[in-house]
Amino acid sequence: MKKFVRRLFRNIKNFLITSTDGKKYWISRSIAVHGILLLKNFETGEVYVLLERRGPNCPDEIGKLANVCGYLDWRETLVDALKREVYEEMGLYIDDLKTKNIKFSGIDDSIDGENAVKQNVTIRYEVTLDYKEVMSLLEDGEINCDTKSRGGESGEVSEIKVLKLTDSDPVDETQFAFNHGQIINSIIEHYKKW
């Protein structure tokens, strides 16, 4: 029976390491949060997405468009991690906004394709914000690329971009980091069906 069970699972065990002070720690897969920032114009019904371009100091996918994403830190809930990443990467403090809705959107725990090496488990959220309120913050410069001043990595974001989703053609997925172009296209398809 043991041999059958071994063949049934394809996992690789987590690694146990011991620190210099004798404490033991498990090295395991990382949890990432992914925020799709949807901006809704409540007067016209149009929907946009707030994107960033990955900066020169990112470890990969440099120059490509992306949604906000990052890793869950210690002593942090998933939603707190999402809010922190949005603040660090864009300067947008979600809790200060008048209109906000954070909705769980899905989990990606793929072990294939580009995630075969990283092995991240990604928790995805759709964050709906008021278009006019966010555009005002963007025009005032409060939303910007100065990630280092907010505790983020220096050079992590090189551009903030707003893309209209309603009545749009599909985006070129090769211009997006990770699977973010696929996700944007599925949202565009959703709005076309309305």
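Of the conditions (1) touching a strand residue (DSSP E or B) at 6+ places or on another chain (Cβ under 7 Å); (2) outside any helix (DSSP H, G or I), E153 fails just one. Which one is it?
Unmet for E153, out of (1) touching a strand residue (DSSP E or B) at 6+ places or on another chain (Cβ under 7 Å); (2) outside any helix (DSSP H, G or I): (1).
Please go through (1) among the hydrophobic types (A, V, I, L, M, F, W, C); (2) open to solvent by 20 Å² or more (accessible area, probe 1.4 Å); (3) part of a loop (DSSP other than H, G, I, E, B); (4) closer than 21 Å to F42 by Cβ for L137 and return the number of the only condition it doesn't satisfy.
(3)
Just to be sure I understand, how many residues within the range 148-181 are open to solvent by 40 Å² or more (accessible area, probe 1.4 Å) and among the hydrophobic types (A, V, I, L, M, F, W, C)?
3
This table checks each residue for (1) aliphatic (A, V, I, L, M); (2) surrounded by 12 or more Cβ atoms within 10 Å (Cβ to Cβ); (3) part of a helix (DSSP H, G or I).
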residue: K103; (1), (2), (3): no, no, no
residue: G113; (1), (2), (3): no, no, no
residue: A116; (1), (2), (3): yes, no, yes
residue: V127; (1), (2), (3): yes, yes, no
residue: D146; (1), (2), (3): no, yes, no
residue: I183; (1), (2), (3): yes, yes, yes
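The values are calculated or read from the model by the stated rules, or taken from the named source; none is laboratory data. This one's a predicted model, so the numbers in the text were calculated from it and none came from an experiment. Glycine gets a Cβ as well: all are built from the backbone with ideal geometry, and neighbour counts include every protein chain shown. Each accessible area value is taken on the protein alone, full model and side chains, heavy atoms only, with ligands, DNA and RNA left out. Shrake-Rupley method; radii C 1.70, N 1.55, O 1.52, S 1.80 Å.
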